[in-house]
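*Asks:* One structure is given below, represented as structure tokens, and several questions about it will come after.
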Amino acid sequence: MKPVIQLECIEKTYTTGDVEVKAVRPVSLIIEKGEFVAFMGSSGSGKSTLMNILGCLDKATAGRYLLDGIDVSQLNRDELAAIRNHKLGFVFQSFNLLSRTSAIENVELPMLYAERRFSTHEMRDRAEHALELVGLAGRTHHHPNELSGGQQQRVAIARALINDPEVLLADEPTGNLDSQTSIEIMTIFQKLNDKGITVIMVTHEPDIAAYTKRNIVMKDGLIKSDLRVENRLIGEEELAKYVAVA
């Protein structure tokens with residue numbers, strides 16, 4: 001089985017005037033389909049820059065990046081946009097929901113830019129199903145200001161899933177949430193990973209990284225450690241609270 005992500009000596013250098021900043025030094029990495037990975041490190045470690053490269057939001061200065069066997073290093077802007085829409089799903093710390101748009105309409109949005117054309121009925125059915133997956137079946141017509149932070153993040157996860165991506169990328173997805181809500185969100189990610197979805201997350205919180213199956217720690221643009229860890233299970237008391245909320 002080919003890896004879903006393969007990095008070969010990836011580098012990223014930013015130039016400001018005469019000053020060069022090496023945000024990512026040569027990094028080689030393989031992520032298999034179905035993994036649950038956390039990138040960790042302090043500010044300036046290179047983890048967010050590498051995440052942007054993985055998400056085709058930024059291009060490496062040097063090296064080769066294969067996504068599901070496709071060398072994205074050679075793609076133009078339109079081809080990269082198609083890759084992002086079809087193979088990748090994004091979840092951000094700040095949710096990035098449209099404030100005047102209902103939950104179900106926010107989830108439908110990526111389908112408007114998909115290569116496949118969906119009917120209005122198909123879009124509504126798929127969006128309802130995605131919201132059911134994250135425990136928001138009863139909140140489909142609520143606007144973001146009518147939802148809690150955890151519920152908004154669930155909408156963002158549903159939106160990220162709507163085009164059946166190969167990889168789900170989450171950048172500090174619990175950064176704006178309290179501890180209990182963070183547990184609920186990490187439970188959702190675990191359940192999605194159990195269904196076979198590859199999940200890659202950036203976090204600076206060790207207790208959040210403990211929910212994943214592989215921890216990659218970066219420092220000064222390099223991978224300092226890459227450890228597979230025993231997946232943390234949700235305790236019965238925590239799970240009961242999650243079910244009650246969902």
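The values are calculated or read from the model by the stated rules, or taken from the named source; none is laboratory data. A quick note: this is a predicted structure, and the numbers were derived from the prediction, not measured. Virtual Cβ from ideal backbone geometry, glycine too; neighbours counted across all protein chains shown.
*Asks:* Of the residues 139, 124, which is of a type in the set (Lys, Arg) and touching a residue at least 24 places away in the same chain (Cβ under 8 Å)?
*Replies:* Only one candidate passes the filter, namely 139.
Yes or no, residue by residue, for (1) surrounded by fewer than 21 Cβ atoms within 10 Å (Cβ to Cβ); (2) on the phi > 0 side of the Ramachandran plot; (3) modelled with pLDDT under 95; (4) touching a helix residue (DSSP H, G or I) at 6+ places or on another chain (Cβ under 7 Å):
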site	(1), (2), (3), (4)
11	yes, no, no, no
16	yes, no, yes, no
35	yes, no, no, no
69	yes, yes, yes, no
76	yes, no, yes, no
87	yes, no, yes, no
93	yes, no, yes, no
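*Asks:* Of all residues in segment 75-116 being without any contact (Cβ under 8 Å) to a residue 40 or more places away in the chain and β-branched (Val, Ile, Thr), which is farthest from residue 171 (Cα to Cα)?
*Replies:* 104
*Asks:* Return the pair list, or none, for Cβ contacts closer than 6 Å from residues in segment 58-74 that are farther than 13 Å from residue 5 by Cβ to residues that are exposed (fewer than 15 other Cβ atoms within 10 Å of the Cβ) and of a type in the set (Ser, Thr, Tyr), at least 6 apart or on different chains.
*Replies:* Once the first residue is farther than 13 Å from residue 5 by Cβ and sits in segment 58-74, its partners that are exposed (fewer than 15 other Cβ atoms within 10 Å of the Cβ) and of a type in the set (Ser, Thr, Tyr) give 61/13.
*Asks:* Can you tell me which condition residue 26 does not meet? The list is (1) under 16 Å from the mean Cα position of the chain (by Cα); (2) more than 24 Å from residue 174 (Cβ to Cβ); (3) of a type outside the set (D, E, K, R), and all the others hold.
*Replies:* The number of the failed condition is (1).
*Asks:* While we're on this one: For residue 166, all conditions in the list (1) of a type in the set (D, E, K, R); (2) out of contact with any strand residue (DSSP E or B) (no Cβ under 8 Å at 6 or more places or on another chain); (3) closer than 26 Å to residue 67 by Cα hold save one; what is the number of the exception?
*Replies:* Unmet for residue 166, out of (1) of a type in the set (D, E, K, R); (2) out of contact with any strand residue (DSSP E or B) (no Cβ under 8 Å at 6 or more places or on another chain); (3) closer than 26 Å to residue 67 by Cα: (2).
*Asks:* Quick one: which residue in 145, 106 is surrounded by 23 or more Cβ atoms within 10 Å (Cβ to Cβ) and over 16 Å from residue 188 (Cβ atoms)?
*Replies:* Being surrounded by 23 or more Cβ atoms within 10 Å (Cβ to Cβ) and over 16 Å from residue 188 (Cβ atoms) holds for just one of 145, 106, which is 106.
*Asks:* Then there's this: Restricting to segment 152-174, name every residue that is without any contact (Cβ under 8 Å) to a residue 40 or more places away in the chain and outside any loop (DSSP other than H, G, I, E, B).
*Replies:* Of everything in segment 152-174, just one residue is without any contact (Cβ under 8 Å) to a residue 40 or more places away in the chain and outside any loop (DSSP other than H, G, I, E, B), namely 154.
*Asks:* Let me ask you something else. Out of 227, 177, 192, 131, which single residue is crowded, with 18+ Cβ neighbours inside 10 Å, at negative phi and not in a helix (DSSP H, G or I)?
*Replies:* 177
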